[in-house]
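Here the structure comes first, spelled out in structure tokens, and everything after it is commentary.
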Amino acid sequence: MRLPFVTLAWTLAALAPTLSATPSIAKDDFVLEDEVALCMSCHGEDGIPIEPEYPVIWGQEYFYIYTQLRDYGAGRRENDTMSAIAAEYDRDQAKLLAEHFAALPWPELPVVYQEGDQQLAEKGITRGQCSACHGKWQGDSRIPRIAGQQPHYLSQTMHDFKNDVRMNAPDLNSTMKQLDDETIAALSRYFTTINVQ
Ligand code: HEC
Ligand code: HEC
């Protein structure tokens, strides 16, 4: 009658290496406050990033922040700075960070606008059928908020999609290839004029 137990023990022993090989490496000395301070050294003490190429993350969608951290960490989205930082966190830690920043208010950034931007932007939006997913650009779950985002960052990340540098959302690569550089520039500025609370 002992046989089934022995068999079970052997089965578990055989499984153990497979289970422990599952990647879920947590940062040992994780203290949310300390990690948040690190994030804010670039993404801003008051939500306004310290460099124009750094995105706003205060008030961004929870699920979007979480998936980006996981994508950077796993190499699906590559960036010298963010890949190294995000690789340190496991799922639960990434969730805590996402929860923290999603709950903060979106900062108010200066509006940047040039004559003719709206016309070009609207053409691009129609061509790329952006509104089907982005609605009024306020964000929803895994769709990021774009309204009021940093224009330099937006322009850079749209070019990264267009040039197959950012590869974590394949739909966007083909979408951005339909837009010329002028339209991308106009869109980036146009998004600063959309104010959603
Ligand atoms: C040294 C500066 C720096 C630090 C520190 C930093 N970031 Fe970033 N972060 C960046 C840059 C630059 C980008 C844009 C990278 C790119 O183009 O892919 C970015 C992008 C992001 C994005 C993607 C935003 C989007 O709209 O797609 C998220 C989310 C993010 N960071 C969260 C964090 C969190 C959370 C922390 C702290 C654990 C953190 N960052 C720390 C510089 C930094
Ligand atoms: C099929 C749905 C869909 C369409 C159409 C679409 N998007 Fe997106 N977009 C998304 C999703 C989903 C993401 C987040 C991808 C990720 O997880 O990295 C995104 C990300 C973005 C980002 C990156 C934001 C950031 O914070 O990094 C920009 C900018 C953007 N879209 C602009 C546009 C524009 C402009 C158009 C039209 C020309 C467009 N999108 C069309 C679904 C779509």
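The values are calculated or read from the model by the stated rules, or taken from the named source; none is laboratory data. Computed from a predicted structure; not experimentally measured. Note that each Cβ is placed from the backbone with ideal geometry, even for glycine, and that neighbours are counted across all protein chains shown.
Overview of values
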| item | result |
| --- | --- |
| Candidate set: the range 102-120, residues that are closer than 11 Å to Thr192 by Cβ and among the aliphatic types (A, V, I, L, M); chosen: the one surrounded by the fewest Cβ atoms within 10 Å (Cβ to Cβ) | Val111 |
| Odd one out for Gly44 among (1) farther than 17 Å from Glu99 by Cβ; (2) more than 9 Å from ligand 1 (Cβ to nearest atom); (3) loosely packed, with under 13 Cβ neighbours inside 10 Å; (4) not aliphatic (A, V, I, L, M) | (3) |
| Condition check for Ala132: part of a helix (DSSP H, G or I), crowded, with 18+ Cβ neighbours inside 10 Å and of a type in the set (A, V, I, L, M, F, W, C) | no |
| Extreme residue, farthest from ligand 1 (Cβ to nearest atom), among residues of the range 47-75 that are loosely packed, with under 15 Cβ neighbours inside 10 Å and among the aliphatic types (A, V, I, L, M) | Ala74 |
| Members of the range 59-83 found to be of a type in the set (Lys, Arg) and under 16 Å from Pro170 (Cβ atoms), listed by number | Arg76, Arg77 |
| First in the range 119-133 and in the same structural domain as Ala186 (by TED's automatic domain parsing), second anywhere and in a loop (DSSP other than H, G, I, E, B) and polar (S, T, N, Q), Cβ under 9 Å, 6 or more apart | Gly124/Gln178; Arg127/Gln178; Gly128/Gln178 |
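So that you can scan it fast, the table gives a plain yes or no per residue for (1) farther than 16 Å from His43 by Cβ; (2) among the hydroxyl-bearing types (Ser, Thr, Tyr); (3) assigned to a helix (DSSP H, G or I):
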| residue | (1), (2), (3) |
| --- | --- |
| Gln60 | no, no, no |
| Tyr64 | no, yes, yes |
| Thr67 | yes, yes, yes |
| Arg70 | yes, no, yes |
| Met82 | no, no, yes |
| Ala94 | no, no, yes |
| Ala98 | no, no, yes |
